[in-house]
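The values are calculated or read from the model by the stated rules, or taken from the named source; none is laboratory data. What you see is a predicted model; the values in this text were computed from it and never measured. All Cβ positions, even for glycine, are placed from backbone atoms using ideal geometry, and neighbour counts span all protein chains on display. When the accessible area is computed, the model is the full protein with side chains, heavy atoms only, and any ligands, DNA or RNA have been set aside. Shrake-Rupley method; radii C 1.70, N 1.55, O 1.52, S 1.80 Å.
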Amino acid sequence: MAGAEDPSKIQILKDALYEEARQHGSESRMFSQKGLTDFNIVPPGDPVLLLKVIQGLCDDKLFVGVTSPTGIAWRWRNREDAKKYTSLPNDETMMVYAIIDEAGADGIWNRTIKHKLNMHESVVKNCIKHLETKGYIASMKNVEHPNKKMYIKANLRPSDRATGGPWFTEGELDTAFIAELEDIVFEYIKTKSAYLGSQGGPRGDASTVRAPRGGVVRGSAPDGEAAARGVKRPATDISNDDTAAPVNGDAPAPAASASRSRGKVYLPLPAGYKSYPTVAEIAQLIHQTGVTNNTTLGEADIQQLVDGLYYDGLIEPIKVNNRRGYRVTRATKQDTVPFHKRQKERQAGIGIDRMGVEATGNGLTETPCGRCPVFDLCEEGGPVSPSNCVYFAQWLDMEDTMAKPTGPIAV
């Protein structure tokens, strides 16, 4: 039988067991009965005393009973939260607060609280009102359920799943912010996965003669020197193919004029190139530019932007020596306008308002039916039909010759 000193003895054991549990794990760690016994706070041969100590901690709200795969277990709760529980007026309010606490940073719907606790709606509302007045809970918005009334502990920050992460502002998808970051990421990948080169002038230019292929000279040599057809040229002559050949005895054009006749174009990097930009490098660039202001973006967030560009067909992954980088697609078709200049043009309402190059077309998309805005309404005898289609007239350049129908069209 327990003596008169038992309450004070149990209180000492409670404090010691609680502090030992705090030192051996976080609030989420679960301790079984054997685990608490191994602390050697309570004598191993007295399980009844151990259960009394555990029950006392549960009554003080310092221990929380949970179910684990091996049976019943307990986890500790900090003293500040325990005081909040003990200050609540009744068991109903305590149960509502407990279920909101268990929901964590994701929050919980008020109807879910009602169904889980099997309480009347008015009781749940009164409990929530009391908890809000005490400042223990707060309402929140969830982007997955924008029309549901959600609640969360007041000292918790809503999770990225609930708020939508950095891509949402006040519960709304920030499309302008995403588009700006995608532009920066795409331009960085384009400039780091291709290089600016020169392309030749237009065909048929009278000032130049197209260099022969394969290093073979056909025809007569200059100054009347006899030369057999198909004689190989020396390497020094082949290396000068980039300069314009003289025509009709004119002096060779200077190198500067030749370079002016060539336009700038992005060219793909050679095979085996190892420095294609990675997600980590792109994340570092975004951090250095400061465009995110107070929003913190991790590599996982940058990966979402990169994946979006990949799904749009603007970039493609490439792996060299276990290094996964990205490069732009159709490099030679990309425009060479500097990024800062394009940004100014967009703000002024001029220039292109897209990334990359225009999508390639096919026979279906070139015909009016392939991109007709009223395709579902098109039928003979209806408001739109093939016989009176204005888009066909424009496509075939027959606006002037195509007579407008004056009555019903016979099928």
Residues whose modelled amide H sits under 5 Å from the amide H of residue 315, counting only those 5 or more places away in sequence or on another chain, are 310, 329
So for the range 88-173, using the alpha carbon gyration tensor with a ≥ b ≥ c as root eigenvalues (a/c under 1.5 gives rounded; past that, a/b versus b/c decides prolate or oblate), I'd call it prolate
Of every hundred units of 1.4 Å-probe accessible area on the range 7-82, the number belonging to carbon and sulfur atoms, as a percent, is 54 percent
Under the 7 Å Cα-to-Cβ spin-label approximation, residue 6 and residue 40 lie apart by a distance in nanometres of 2.7 nm
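Which of the peptides 133-146, 364-377 is most tightly packed, and how do the rest follow, judged by the mean count of other Cβ atoms within 10 Å per residue? Each step should come with its number before you reach the end.
On the way: 133-146: 15.5, 364-377: 11.6.
By packing density, highest mean first, the sequence is 133-146, 364-377.
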Note, the range 32-41: 3J(HN,Hα) by Karplus (6.51, -1.76, 1.60, θ = phi - 60°), whole Hz, Gly/Pro = x, goes 7, 4, 5, x, 6, 5, 5, 5, 6, 7
Quick shape check on the range 285-331: root eigenvalues a ≥ b ≥ c of the Cα gyration tensor, a/c under 1.5 is rounded, otherwise prolate if a/b tops b/c, else oblate, and it reads prolate
Per the C-alpha gyration tensor (a ≥ b ≥ c, the square roots of its eigenvalues), the range 1-146 is rounded if a/c is under 1.5, else prolate if a/b beats b/c, else oblate; here it's prolate
Residue span residue 51 to residue 374: 0.36 nm per residue of separation minus Cα-Cα distance leaves a gain in nm of 108.8 nm
In order over the range 42-55: 3J(HN,Hα) from phi, Karplus 6.51/-1.76/1.60, θ = phi - 60°, whole Hz, x for each Gly or Pro, gives 9, x, x, x, 10, x, 5, 5, 4, 5, 5, 5, 5, 5
Sorted by chain and then number, the residues having a modelled amide H within less than 5 Å of the amide H of residue 169, at least 5 places away or on another chain, are 174
Checked against a 23 Å limit on the C-alpha separation, the offending pairs among 84/114; 14/153; 129/149; 83/141; 83/114; 319/341 are 14/153; 83/141; 83/114; 319/341
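When ligands, DNA and RNA are left out and all protein chains stay put, how many square angstrom of accessible area per residue does the range 7-82 have with a 1.4 Å probe? If you can, show how the numbers build up before the last one.
Values: 4300 Å² over 76 residues.
Result: 57 Å² of accessible area for each residue.
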Residue 123 and residue 311 label points (each 7 Å along its Cα→Cβ direction) are spaced in nm at 4.5 nm
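Per the 1.4 Å probe, what fraction of the accessible area of the range 88-173, in percent, lies on carbon and sulfur atoms? Don't jump to the answer; show the numbers that get you there.
Working: 2420 of 5180 Å².
Whole-percent figure for carbon plus sulfur exposure: 47.
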